[in-house]
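Encoded as structure tokens, the structure appears first; notes follow it.
Bear in mind that the values in this text are calculations on the coordinates, not laboratory data. Just so it is clear, the structure is predicted and the values come from calculations on it, not from any experiment. Note that we place each Cβ from the backbone using ideal geometry, even for glycine, and neighbour counts take in every protein chain shown.
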Amino acid sequence: MLDRVRIVLVNTTHPGNIGATARAMKNMGLSDLCLVEPKLFPHEEAQARASGADDILTTARVVGSIEEALADCQLVVGTSARERHIPWPLVNPRELGAISAQMLQSGAGAKGRVAVLFGREASGLTNEELHLCHKHVHIPTNPDFSSLNVAAAVQVISYEMRMALVEGQAAGAPQWGTQWDIELADNAELERMFEHLERTLIDIEFLDPDNPRQLMPRLRRLILRAVPDKVEVNVLRGILKKVGLYGKR
Ligand code: SAH
């Protein structure tokens, strides 16, 4: 099941951190590493720090956008070292393990995939990137010194994934998504729906593109909390299509 947990590193600056991430993952039995526009990769420093986890680096996928990295994932989680502007559903790594176990083992997510996003060494993830996520995860730390090295953060998350998924130590988590047989919408379907929603809201002059405020983040947060399945997303898009036709009249 750990093969359905994807670690996504966004714009990593130091290749050594990519190597250390590969090692941290392999120690815990994870294998799916995706690199979004790394600064320097492949690189000998990555190789050196992987010390034996070279296979993870060899099979790592390098992509040009976060969208590509997340497209086939039904649960997307963003890591954050600090509080952000608009609050988002927040879990700790242990709760993330429990939710992932729920989703990967049962219900409509049983064939699904989890992605955990890790940010840039200097600046973390942008708000826009964090708004792609169902949940945010914060590793509890000394509040006066809360930022871990990115590979150290990957180590903690991977350990909790192993505890929950392999060692069976998942504490009771609420059902993730639906229990019926319709699969959960994946990130690509959700993002197409959000684009459609935004376009429609502009067409009907509910959303002012020159002054969007926090409307889309708030709507994203609302819809992501519901964890819609594929049919529900199609129904919403059908409604948007009709609304768009009226808006243009
Ligand atoms: N200065 C940046 C910190 C970047 S640390 C900021 O303020 O956002 C690089 C990455 O390591 C983060 O993007 C996150 O993916 C991970 N990370 C570091 N500390 C973390 C913590 N306490 N909880 C969760 N993730 C953390």
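Before moving on, here are some points about what is shown:
- Subtracting the Cα-Cα distance of Gln105 and Met1 from their residue separation scaled by 0.36 nm leaves 36.6 nm.
- Neighbours of Asn234, meaning other residues whose beta-carbon lies under 14 angstrom from its beta-carbon, give a summed charge of 0 when Lys and Arg score +1 and Asp and Glu score -1.
- Estimated Rh, the chain: Kirkwood, alpha-carbon pairs, angstrom: 18.9
- Loop-located GluC sites (Glu not before Pro) in segment 1-84 (DSSP state other than H, G, I, E, B) with a sparse environment of at most 14 neighbouring Cβ atoms within 10 Å: Glu83.
- Listed residues Ile56, Ile204, Ile139, most fluctuating in the chain (Gaussian network, C-alpha, under 10 Å): Ile204
- Taking the longest Cα principal axis of the chain as reference, the axis of helix 187-203 is set at about 40 degrees.
- For the cross-link pairs Lys135/Lys248; Lys26/Lys111; Lys26/Lys230, the ones whose C-alpha atoms lie over 26 Å apart are Lys135/Lys248; Lys26/Lys230.
- In order through segment 36-51: 3J(HN,Hα) via Karplus (6.51 cos²θ - 1.76 cosθ + 1.60), integer Hz, x for Gly, Pro: 8, 5, x, 5, 9, 6, x, 7, 5, 5, 5, 4, 4, 6, 6, 4
- Euclidean distance between Cα centres, segment 186-212 to segment 87-133, Å: 23
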